[in-house]
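Every read-out reported here was derived from the displayed coordinates using simple, explicitly stated rules and does not represent laboratory data. Values in this document were obtained by computation on a predicted structure and should not be read as measured data. As a convention, Cβ positions derive from the backbone with ideal geometry for all residues, glycine included, and neighbour counts pool all protein chains shown.
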Amino acid sequence: MRRWYLTALLMVLALASSTLTWVRDRVRDELRRAPIIRVEHAAEEAVSSAPRVVVVLDTSASTAEEGKWEALDLRLAAALDTLPPHARVAVVRYADGADCPVPFTELSGARERLDALFADPAPDGGSDLSAGITLALRLLEQRGVDDHVWIVNDGPPNLGALEPADFVRMGDRAAENGIGVKLLAAEPGFLPQVFEATANNG
């Protein structure tokens, strides 16, 4: 009786093992045939394929001089009109230092945030353009296919890096990452022009 019980138990265990093997093999076959969908990766590709612009906005005390702030607003608005609706725009503002009040967002949302910034300006401090450029390049570290830095300033910097070699280095970094540079000021100053020329001409 005991031997019959052990034999039956062994038969059940063998059948269970065989069934598990069959199920495992079927699941593997189904997984091999199933399409691989990487949602996060696809989302990253969709974002990086859109034009990206970082606006580097001068908010130093000198922009409060008569007509300067309004002129910068008009120049930037005209440049934004050239972008497609799916473009993503971020804003870096600089004076004594730099921060990013508007992270990357689609064009319509970025324009609303920029309108609010221009409607309630608080110009103050010096002009550390190098801090603004450095932060802009950091925002574009993950390379896209159509990246740009737009500098919206009212003249040359007076704080931070002030040597042409510094702006050549920043321009080289932009060129290496395929980042185009545009100056949106009537008289941006020599150092911003050095940065622009180096970035756009490699």
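Here the mean projected area of the convex hull built on the C-alpha positions of the stretch 49-202 is 7.8 nm². What is the list of residues in the stretch 107-131 whose amide nitrogen lies under 14 Å from a point 7 angstrom out from the Cα of Glu66, following Cα to Cβ? Nothing falls inside the zone, counting backbone N under 14 Å. When Thr59, Thr198 are sorted by how many other C-beta atoms sit within 10 angstrom of their C-beta, beginning with the fewest, the order is Thr198, Thr59. Site pair Glu187 and Ala79 shows an inter-label distance of 1.9 nm when each label is modelled 7 Å from Cα along Cα→Cβ.
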